Amino acid sequence: MSLLTRPRGSSACGASSGAALGPGPARLPAHVDVAVIGGGQAGLTTSWYLRQHDVEHLVLERDRVASSWLRQRWDSFCLVTPNWQCRLPGHGYAGAEPDGFMVKEEIIDYLEAFAGSFAVPLYEGVMVDTVAQDGGSGLVLSTARGEVHADQVVLAVGGYHSPRWSPLAAQLPPTVTQLHSSTYRNPSSLPDGAVLVVGTGQSGAQIAEDLQVAGRDVRLSVGSAPRVARFYRGRDCVAWLEDIGHYDLPVDEHPEGPEVARREPNHYVTGRDGGHDIDLRAHALDGLKLHGRLQQVRGETLSFSGDLRENLDHADATAERIKDTIDQWIEAQGIDAPPEPRYEPVWEPDGDGSAELDLAAAGVRSIVWATGFRSDWSWVEAPGFTRDGYPCHARGVCEVPGLYVLGLPWLYTWGSARFAGVARDAEHVAERIAELARIPEAVSGKSSTRHATRSGASTWGQ
Ligand SMILES: Cc1cc2nc3c(=O)[nH]c(=O)nc-3n(C[C@H](O)[C@H](O)[C@H](O)COP(=O)(O)OP(=O)(O)OC[C@H]3O[C@@H](n4cnc5c(N)ncnc54)[C@H](O)[C@@H]3O)c2cc1C
């Protein structure tokens, strides 16, 4: 049996090809020291650190490297975080635009190049159906290619498992095309006519802009997500916040506590065309029609909460508070940064956003639900995991010895689910794995540290 270490950059993993998966072996090894589930940035980064510790492992990916970027992002998607924050270990962003924002294909290429940089021991096309304790001190993974017993397991399956749909979706007439933001691709893939986007987290705000830029008639149901300015006083706000140490703040020290931090919607802003604010008031001046939060569906008639003003004000206030923090930092550090006038609202709604919308009269033929994602841990049978709850862990180390989780929003810091912070978490978890692996009796009664070759092909499982 040979381990699949598919050469990176081959057509089988081409970013734009959509990619046939490598065949992989018919059966997986019956035992591995460490199984990493997920071939996204978290799984690959874990593999990189495990190699540093010479811990033998496998990465099992149900689809292909960077699959969530390829399959769950729209065509014009680009990073919201600046490229310099892409700091995977040994593979920091090295392109020409550190202050720019990679587009979808570039992000996939970046991850593929990372995977190729250390020949990750990866099996693509392997879905792990369940993970359970094996009755001893290890865990057992079930897959269509056989059971795999692992001394330790890292769940690196991201935090955005299944689309969250509003129950209101089921009440809409079948004449309206409905899709979730994760399956939205581009304006021309929607039926002609007006589009309603529901939700103003990062996806909703950017998709509404994508549609509006394409000349579509767009309505947006505005929620309570905050926003952040792109640039302030001569720099990207992300750069200021990095200097201030915001991205190093452990979740336990978050002023609102871990529970709130982990549930908070992301601040909306964009990296599109070099980066700019998403100011919904400015978009309204250009024709975007804004509503309050969607509340009720009766046939073809939608009603909204009267919270539009409040939601716009809240988003602006958050952006201004972040500027206050930056101002204080600049002053305290004696930094010479050009002053900048503060934001003045450029538009006010006529009403409170609660006016009813008759879909047929307004010509709305499609709705994009940008309502976020749910967790699904139903396939992990272990204490500390509930079906759609947040797993119980301390900096990624779970209750069950040898079980770990990575890549969740605010797992440890703001950047845990982002390129910015995943390496710090993976390094920590890999150290714990290596420690446990070095204790001979601790894991399946045997020493687990063997020598995976650094050249690429593993010497085992063959
Ligand atoms: C709209 C949007 C915008 C974003 N913008 C940014 C940004 O600007 N900057 C940034 O740094 N981050 C951004 N993120 C966050 C980032 O995309 C994700 O958090 C990131 O993909 C997390 O990486 P991951 O490796 O943890 O998870 P994923 O990339 O989701 O990888 C998990 C992998 O696990 C695989 N998998 C899942 N279940 C199984 C199983 N049972 N068996 C085998 N394989 C399995 C999946 O196929 C997938 O490939 C954004 C996210 C969204 C939704």
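A search for C-beta distances below 7 Å between a residue of the range 51-72 that is more than 25 Å from R27 (Cα to Cα) and any residue that is modelled with pLDDT under 95 and among the hydrophobic types (A, V, I, L, M, F, W, C), counting only pairs 6+ apart in sequence or on different chains, returns nothing.
Annotation for the range 313-328: no member residue is part of a loop (DSSP other than H, G, I, E, B), touching a residue at least 12 places away in the same chain (Cβ under 8 Å) and either out of contact with any helix residue (DSSP H, G or I) (no Cβ under 8 Å at 6 or more places or on another chain) or polar (S, T, N, Q) (or both). Taking residues in the range 85-98 that are more than 14 Å from the ligand (Cβ to nearest atom), and partners anywhere that are part of a loop (DSSP other than H, G, I, E, B), the pairs with Cβ atoms closer than 8 Å and at least 6 places apart or on different chains are G90/F118; G95/M102; P98/P82. Scanning the range 168-219 for residues that are touching a Lys or Arg at 6+ places or on another chain (Cβ under 6 Å) and within 17 Å of F304 (Cβ to Cβ) turns up V195, L196, R219. Are any of the residues in the range 151-168 more than 15 Å from the ligand (Cβ to nearest atom), closer than 30 Å to L359 by Cα and assigned to a loop (DSSP other than H, G, I, E, B)? Yes: one or more hits. Note on the range 170-198: residues that are touching a helix residue (DSSP H, G or I) at 6+ places or on another chain (Cβ under 6 Å) and in a helix (DSSP H, G or I) total 2. Might you check whether a residue that is crowded, with 19+ Cβ neighbours inside 10 Å and over 26 Å from the mean Cα position of the chain (by Cα) occurs anywhere in the range 309-323? No, the conditions are met nowhere in the range 309-323. Listed conditions (1) of a type outside the set (F, W, Y); (2) within 16 Å of the ligand (Cβ to nearest atom); (3) modelled with pLDDT of 95 or more are all met by D316, apart from (2).
Given the structure, is A437 modelled with pLDDT of 95 or more, more than 30 Å from H291 (Cα to Cα) and of a type in the set (G, A, S)? The answer is no for A437. Where helices (runs of 4 or more DSSP H) sit wholly within the range 221-294, those with at least 2 residues that are over 20 Å from the mean Cα position of the chain (by Cα) and under 24 Å from C78 (Cα atoms) occupy 237-244, 280-285.
To keep it simple, each residue is scored yes or no on (1) more than 28 Å from S162 (Cα to Cα); (2) modelled with pLDDT of 95 or more; (3) under 22 Å from the mean Cα position of the chain (by Cα); (4) crowded, with 22+ Cβ neighbours inside 10 Å.
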{"position": "P7", "(1), (2), (3), (4)": "yes, no, no, no"}
{"position": "S16", "(1), (2), (3), (4)": "no, no, yes, no"}
{"position": "G39", "(1), (2), (3), (4)": "no, yes, yes, yes"}
{"position": "A42", "(1), (2), (3), (4)": "no, yes, yes, yes"}
{"position": "S47", "(1), (2), (3), (4)": "no, yes, yes, yes"}
{"position": "E61", "(1), (2), (3), (4)": "no, yes, yes, yes"}
{"position": "V65", "(1), (2), (3), (4)": "no, yes, yes, yes"}
{"position": "S68", "(1), (2), (3), (4)": "no, yes, yes, no"}
{"position": "S76", "(1), (2), (3), (4)": "no, yes, yes, no"}
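Selection within the range 401-410: residues that are buried (at least 21 other Cβ atoms within 10 Å of the Cβ) and under 17 Å from I37 (Cα atoms). The member of this set that is farthest from the chain's Cα centre (by Cα) is G402. When A119, A113 are checked against the criterion of being in contact with a Lys or Arg (Cβ under 7 Å, 6 or more places away or on another chain) and either at pLDDT 95 or above or crowded, with 17+ Cβ neighbours inside 10 Å (or both), a single residue qualifies: A113. Applying the set (1) among the acidic types (D, E); (2) farther than 24 Å from H31 by Cβ; (3) within 12 Å of the ligand (Cβ to nearest atom) to D129 leaves exactly one unmet item: (2). The single residue among G415, G407 that is out of contact with any Pro (no Cβ under 6 Å at 6 or more places or on another chain), in contact (Cβ under 8 Å) with a residue 40 or more places away in the chain and at positive phi turns out to be G407. Here S181 meets each of (1) within 28 Å of S224 (Cα to Cα); (2) surrounded by fewer than 20 Cβ atoms within 10 Å (Cβ to Cβ); (3) not aliphatic (A, V, I, L, M) with one exception, condition (2). Only one of the listed residues (H291, H267, H283) is within 20 Å of G407 (Cα to Cα), crowded, with 17+ Cβ neighbours inside 10 Å and in the same structural domain as I326 (by TED's automatic domain parsing). That residue is H267. Between a first residue in the range 172-196 that is in the same structural domain as L359 (by TED's automatic domain parsing) and more than 16 Å from the ligand (Cβ to nearest atom) and a second residue that is part of a loop (DSSP other than H, G, I, E, B) and of a type in the set (A, V, I, L, M), which pairs have beta carbons less than 6 Å apart while being 6 or more apart in sequence or on different chains? Every condition considered, the pairs that remain are P187/A214.
How many residues does the range 42-68 hold that are under 30 Å from L190 (Cβ atoms) and near the ligand (Cβ under 6 Å from one of its atoms)? Number of matching residues: 4. The residues listed here are R227, R281; of these, the one that is in contact (Cβ under 8 Å) with a residue 60 or more places away in the chain, in contact with a Phe, Trp or Tyr (Cβ under 7 Å, 6 or more places away or on another chain), within 20 Å of T200 (Cα to Cα) and away from the ligand (no atom under 15 Å from the Cβ) is R281. Can you find, within the range 369-387, the residue that is nearest to L141 (Cα to Cα) among those that are assigned to a strand (DSSP E or B) and near the ligand (Cβ under 10 Å from one of its atoms)? Going through the qualifying residues, I end up with V380.
The values are calculated or read from the model by the stated rules, or taken from the named source; none is laboratory data. Values in this document were obtained by computation on a predicted structure and should not be read as measured data. Here the Cβ is made from the backbone with ideal geometry for all residues, glycine too, and neighbour counts use every protein chain on show.
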